[in-house]
Amino acid sequence: MTADILREKFLAFFKARKHKIVESDSLVPKEDPTVLFTPAGMNQFKKEFMGFDAGYKRAATAQRCLRTDDLDKVGKTSSHHTFFEMLGNFSFGDYFKAEAIAWAWEFLTKELKISPEKLWVSVYQDDDEAYNIWKDLIKVPANKIVRLGDKENFWPAEAKTKGPNGPCGPCSEIFYDFGPSVGCGEKICDPSCPCGRFVEIWNLVFTQFNRKDDGTLEPLPNKNIDTGMGLERLAAVMQGKQNNFETELFQPIIKEIIGGLPPEVTVPEKKLLYAIADHLRAVVFSIYDGITPSNEGRGYIVRKIIRKSVLHLRSLGINKPFLNKLVGQLAQTMHAPYPDLKTRQEDIAQVILNEEENFIAVLNSSPALVKEELVRMNSKKQYDEYSKELANELGAIAFKLYDARGIPLELVLQHYERNGIKFNKEIVVVVFDGLLLEQKNRSKATSKMKGDVFDSKGLGLKLKGTEFVGYKENSCQAEILAILKDGKDIVLDQTPFYAESGGQVGDTGQLINGKNVFEVLNTRKIDNVFLHIGEVKSGSFKKGDKVTARINVERRSNIARNHTATHILQAALRQVLGSHVQQQGSLVGEEKFRFDFTHFKGLSEEEISRVEELANNFVSRNQAVSCKEMAFKEAKKAGALAFFEEKYGENVRVVDIGDISKELCGGTHLANIGEIGLIKIISEGSVASGIRRIEGVTAGFAQLFIKEQEEKAAEESKKRAKLKELKEQEKKRSSEVNIRLREAMPKLIGKGIKINGINVVYSLEPGLDMNALRFLADNLKSELRQSVIVLGSQDNEQKRANLVIVLTPDLSSKGLDAGELVRQVAQVIGGSGGGRQDFAQAGGTKPENFTLAFDKLKDIINRLKTE
């Protein structure tokens with residue numbers, strides 16, 4: 001029996017027993033700070049477990065889950081996975097132990113026809129109620145019912161003694177017995193034995209207590225049922241396999257990997273094949289749910305799993321990007337529950353390919369990276385060979401390269417040896433492992449449950465939900481149901497104020513009762529309770545007051561304009577770039593909007609222009625915007641786009657813009673897209689790997705932006721014109737100066753005097769800068785022989801002196817050095833200088849000393865020994 005059939009049978013079984021079949025939630029838990037990923041089927045029902053009325057008391061799901069606690073065990077055991085599907089049925093204050101146990105037994109033995117002889121059960125050691133149901137009602141033999149303790153059969157594990165606070169309770173597990181030929185072989189062997197003979201297939205949690213601060217357990221008024229059954233494990237049992245990886249969920253992927261192995265690898269390690277197949281599923285469904293590889297949070301976990309896969313593939317002899325090539329096979333394997341995975345497989349494969357290429361490049365450059373770290377280490381201090389101090393430093397470097405770059409310890413150790421480092425390997429490994437453990441503990445501390453199992457924020461209000469009338473009304477009469485946070489939050493029975501959600505900011509406005517005015521600065525909601533957040537501007541308010549709730553209409557119109565523009569923009573992006581474009585986030589405000597979407601490289605100027613032009617072409621059609629509610633499945637069939645982060649109910653709101661766009665959206669919109677006026681893209685950039693971001697403005701804000709850009713361009717043009725004018729003036733002045741200098745050359749040449757057999761031309765030329773002095777000296781040099789040319793200029797007001805000394809080639813070839821000459825006289829003009837053998841210059845702050853400088857230079861030349 002295939003996994004697809006098992007999934008269908010499970011959901012159909014509980015649907016027949018009046019359970020609401022709820023779609024799998026995303027791997028990104030919405031509004032749940034207690035976990036990084038969705039680890040179980042119950043996570044999306046936390047509010048229902050705490051008493052929130054979702055319109056049903058029974059539910060069943062096939063939830064996609066991801067856990068990384070046992071990442072290093074994946075592939076080495078028969079049943080550890082990162083990604084898996086959990087089948088679960090739930091009761092929120094409806095049925096309890098007897099029904100949960102009876103239905104579980106019925107599904108396994110009647111629906112799936114598993115022999116009762118192959119099943120064992122466990123109960124919590126103090127749970128006589130569950131024990132008696134199994135023994136007396138279900139007729140399971142007493143010798144097949146095992147009592148286990150707090151760690152094994154209480155949820156959360158050991159919660160009674162260690163916490164956390166909140167709902168908890170005993171659980172009962174159902175095990176499949178592979179028979180005495182499997183495992184330890186001992187005559188006395190039961191589900192408490194870890195030998196592998198028994199595999200847990202279903203866990204029934206009876207949430208009947210509330211743990212308090214002092215550790216006491218008080219009975220819950222409404223007792224809940226939370227069950228979980230791993231689909232992969234159930235499929236293995238039903239297919240007679242002792243290893244989950246031998247089922248059709250993994251085997252097609254494993255065969256594809258084997259097909260890509262080099263010829264010399266004839267007997268690949270199964271544990272590596274298993275781990276790669278598992279990791280592929282985790283990576284693909286993470287990206288499917290909008291988690292892209294990065295250096296923090298969920299993205300870091302995805303990056304880490306990809307890197308582990310690359311290393312496993314290298315161990316199998318595959319050194320080029322390969323994981324991305326397996327996405328198509330997985331999409332085919334998972335087509336029944338996730339048909340849209342096939343349409344997104346190329347995008348997902350591209351994200352994986354980018355990561356593979358980057359990591360392989362790091363691995364290939366690892367010798368240089370290690371060498372760089374060793375050079376840095378040795379520059380600080382010299383270490384003795386085999387010393388503990390050296391090993392500590394090498395262990396720290398190895399961990400740094402692993403943590404930041406993903407380079408495995410084994411590879412770093414090889415590079416140490418190739419660099420001739422003599423070290424104690426055992427100590428290095430111990431240091432590395434210690435730092436790795438510290439990092440894992442830090443990671444657990446940041447990602448562990450924050451607070452109690454169930455965050456009851458907002459649920460203690462005991463208020464009925466707020467009716468939202470803002471799609472049609474800008475104001476309404478309302479009654480104050482509650483005033484919270486010292487008068488800063490007001491709850492109404494109905495409201496026109498849109499609460500911050502779906503990327504759209506909350507409305508602002510006023511609550512008015514006569515002369516009493518409450519200024520609403522933002523609107524948020526907890527569940528269905530709207531919080532009007534602000535301050536009293538005049539008078540006072542109390543519970544029960546009747547008020548007029550009035551939004552800021554102009555601001556709402558601007559927000560609606562921007563929100564509708566994001567729908568138009570996504571349609572344009574998909575047409576220009578491709579259908580792989582999908583929304584990954586947004587922020588819709590009054591003045592501008594932000595839109596994040598999937599794409600693998602930056603947009604060119606041409607692409608941005610095409611997107612903007614197409615978006616505005618759409619706007620010019622003046623098409624009406626239709627908003628209506630329909631069933632979620634009906635909306636998906638109609639082709640409506642959904643935002644990955646949103647959790648949709650059975651009924652959804654569809655925003656339809658003719659043949660341009662159709663999206664699931666709860667935000668406020670225009671009646672006609674022509675009201676947008678103009679869409680202007682103001683920036684485009686990267687947010688994360690494979691995620692781009694566009695910021696834009698509309699209507700008057702777009703016109704203002706264009707005007708500002710035009711003014712900047714005009715100002716820039718003026719600056720360029722002024723600069724051009726200055727350059728032309730400088731060019732003209734330089735030309736005039738050069739002509740004047742050339743005209744002055746004969747006079748300067750005639751001023752030359754003989755000193756020690758050398759022709760010395762020296763002159764003070766007021767008003768010339770260093771460039772002019774160099775020009776004049778170079779021209780004199782071309783006309784003279786056996787000459788030292790000494791030119792100076794002075795600015796007495798600025799206290800600035802410039803000096804140039806140039807030697808003709810025949811003198812510099814005899815060993816005379818202009819640089820040495822300038823260094824000896826520069827101090828006289830209050831400065832310093834230097835240069836080449838044939839040319840040198842100096843600057844100083846004593847222009848009045850030029851006569852002394854020339855005299856000193858003449859004296860130096862007079863004392864030279866010339867031949």
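Pairs meeting the criteria (first residue in the range 509-533 and farther than 21 Å from Ser557 by Cβ, second residue aromatic (Phe, Trp, Tyr) and open to solvent by 20 Å² or more (accessible area, probe 1.4 Å), beta carbons under 9 Å, at least 6 apart or on different chains) are Asn513/Phe541; Asn516/Phe541; Phe518/Phe541; Lys525/Phe468; Asp527/Phe52; Asn528/Phe52; Asn528/Phe468.
Residues that are open to solvent by 30 Å² or more (accessible area, probe 1.4 Å) and part of a loop (DSSP other than H, G, I, E, B) within the range 762-809 comprise Glu765, Pro766, Gly767, Asp769, Arg785, Gln786, Asn796, Glu797, Gln798, Lys799, listed in sequence order. Any idea how many residues of the range 7-33 are open to solvent by 50 Å² or more (accessible area, probe 1.4 Å), over 18 Å from Leu231 (Cβ atoms) and assigned to a loop (DSSP other than H, G, I, E, B)? So the answer is 6. Filtered by the rule that a residue be among the small types (Gly, Ala, Ser) and either surrounded by fewer than 20 Cβ atoms within 10 Å (Cβ to Cβ) or within 15 Å of Glu467 (Cα to Cα) (or both), the range 496-519 gives Ala499, Ser501, Gly502, Gly514.
For the range 367-408, the set of residues classified as outside any helix (DSSP H, G or I) and exposed (fewer than 14 other Cβ atoms within 10 Å of the Cβ) consists of Lys381, Gln382, Asp384, Glu385, Tyr386, listed by residue number. When we screen Phe83, Phe107, Phe10, Phe90 for residues that are in contact (Cβ under 8 Å) with a residue 12 or more places away in the chain and under 26 Å from the mean Cα position of the chain (by Cα), the only hit is Phe83. If only residues of the range 558-572 that are among the hydrophobic types (A, V, I, L, M, F, W, C) and in contact with a strand residue (DSSP E or B) (Cβ under 7 Å, 6 or more places away or on another chain) are counted, the one that is surrounded by the most Cβ atoms within 10 Å (Cβ to Cβ) is Ala565. For the range 293-310, check the following and say yes or no: at least one residue is assigned to a loop (DSSP other than H, G, I, E, B), closer than 23 Å to Ile352 by Cα, open to solvent by 10 Å² or more (accessible area, probe 1.4 Å) and in contact with a strand residue (DSSP E or B) (Cβ under 8 Å, 6 or more places away or on another chain). Looking for residues that are assigned to a loop (DSSP other than H, G, I, E, B), closer than 23 Å to Ile352 by Cα, open to solvent by 10 Å² or more (accessible area, probe 1.4 Å) and in contact with a strand residue (DSSP E or B) (Cβ under 8 Å, 6 or more places away or on another chain), one finds at least one in the range 293-310, hence yes. Select from the range 520-532 the residues that are surrounded by 19 or more Cβ atoms within 10 Å (Cβ to Cβ) and not hydroxyl-bearing (Ser, Thr, Tyr) and list them in ascending order. Of everything in the range 520-532, those that are surrounded by 19 or more Cβ atoms within 10 Å (Cβ to Cβ) and not hydroxyl-bearing (Ser, Thr, Tyr) turn out to be Val520, Lys525, Val529, Phe530, Leu531, His532.
Among the residues of this structure, Ser579 does not count as one that is in contact (Cβ under 8 Å) with a residue 40 or more places away in the chain, crowded, with 19+ Cβ neighbours inside 10 Å and outside any helix (DSSP H, G or I). When the range 224-276 is filtered for residues that are over 21 Å from Ser115 (Cβ atoms) and basic (Lys, Arg), the ones remaining, listed by number, are Lys255, Lys270, Lys271. Scanning the range 1-31 for residues that are farther than 30 Å from Ile291 by Cα and modelled with pLDDT under 95 returns a single hit, Met1. Filtering the range 225-245 to residues that are touching a helix residue (DSSP H, G or I) at 6+ places or on another chain (Cβ under 7 Å), open to solvent by 10 Å² or more (accessible area, probe 1.4 Å), over 22 Å from Phe206 (Cβ atoms) and assigned to a helix (DSSP H, G or I) leaves only Met238.
Scan the range 330-345 and tell me whether some residue there is acidic (Asp, Glu) and under 24 Å from the mean Cα position of the chain (by Cα). There is at least one residue in the range 330-345 that is acidic (Asp, Glu) and under 24 Å from the mean Cα position of the chain (by Cα). Scanning the range 653-688 for residues that are farther than 15 Å from Leu569 by Cα, open to solvent by 30 Å² or more (accessible area, probe 1.4 Å) and assigned to a loop (DSSP other than H, G, I, E, B) yields Gly666, Ala671. When Asp493 is tested against the conditions (1) more than 17 Å from Glu590 (Cα to Cα); (2) open to solvent by 10 Å² or more (accessible area, probe 1.4 Å); (3) in contact (Cβ under 8 Å) with a residue 40 or more places away in the chain; (4) in contact with a Ser or Thr (Cβ under 8 Å, 6 or more places away or on another chain), the lone failure is (3). Could you please let me know if Asp347 is assigned to a helix (DSSP H, G or I), at pLDDT below 90, open to solvent by less than 50 Å² (accessible area, probe 1.4 Å) and touching a helix residue (DSSP H, G or I) at 6+ places or on another chain (Cβ under 9 Å)? Yes; evaluated as a whole, the condition is true for this residue. Exactly one residue out of Ile657, Ile691 is of a type outside the set (Phe, Trp, Tyr), under 28 Å from Phe600 (Cα atoms) and touching a His at 6+ places or on another chain (Cβ under 7 Å), and it is Ile657. Tallying residues that are over 25 Å from Glu48 (Cβ atoms) and without any contact (Cβ under 8 Å) to a residue 40 or more places away in the chain within the range 217-246 yields 3.
Yes/no per residue for (1) open to solvent by less than 10 Å² (accessible area, probe 1.4 Å); (2) of a type in the set (Phe, Trp, Tyr); (3) in a strand (DSSP E or B):
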| residue | (1), (2), (3) |
| --- | --- |
| Leu811 | yes, no, no |
| Lys814 | no, no, no |
| Gly819 | yes, no, no |
| Gln827 | no, no, no |
| Gly833 | no, no, yes |
| Gln841 | no, no, yes |
| Glu848 | no, no, no |
| Leu852 | no, no, no |
| Lys858 | no, no, no |
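Among the residues of the range 255-286, just one is in a helix (DSSP H, G or I), open to solvent by less than 30 Å² (accessible area, probe 1.4 Å), more than 16 Å from Asp70 (Cβ to Cβ) and of a type outside the set (A, V, I, L, M, F, W, C), namely Ser286.
Whenever a residue of the range 360-376 is free of Cβ contacts under 8 Å to residues at least 60 places away in the same chain, its partners that are open to solvent by 60 Å² or more (accessible area, probe 1.4 Å) and of a type in the set (S, T, N, Q), lying with C-beta atoms within less than 8 angstrom and at least six residues away or across chains, give the pairs Ile360/Asn319. For the range 689-744, the set of residues classified as in contact (Cβ under 8 Å) with a residue 40 or more places away in the chain and open to solvent by 40 Å² or more (accessible area, probe 1.4 Å) consists of Arg693, Glu695, Phe701, listed by residue number. Test each condition in (1) among the hydroxyl-bearing types (Ser, Thr, Tyr); (2) out of contact with any helix residue (DSSP H, G or I) (no Cβ under 6 Å at 6 or more places or on another chain); (3) within 26 Å of Arg742 (Cα to Cα) for Ser763 and report the one that comes out false. That leaves (2) as the condition not met. Per this entry, Asp69 is not counted among residues that are under 19 Å from Ala282 (Cα atoms) and either open to solvent by less than 30 Å² (accessible area, probe 1.4 Å) or in a helix (DSSP H, G or I) (or both). Anything in the range 176-224 that is β-branched (Val, Ile, Thr) and either farther than 19 Å from Trp120 by Cβ or open to solvent by 30 Å² or more (accessible area, probe 1.4 Å) (or both)? List them, or say none. Within the range 176-224, Ile188, Thr207, Thr216 meet the criteria.
The values are calculated or read from the model by the stated rules, or taken from the named source; none is laboratory data. Everything numeric here is computed off the predicted structure, so don't read it as measured data. So basically every Cβ, Gly included, is an ideal-geometry build from the backbone, and we count neighbours across all protein chains shown. Note: areas computed on protein heavy atoms with side chains; ligands, DNA, RNA excluded. Shrake-Rupley method; radii C 1.70, N 1.55, O 1.52, S 1.80 Å.
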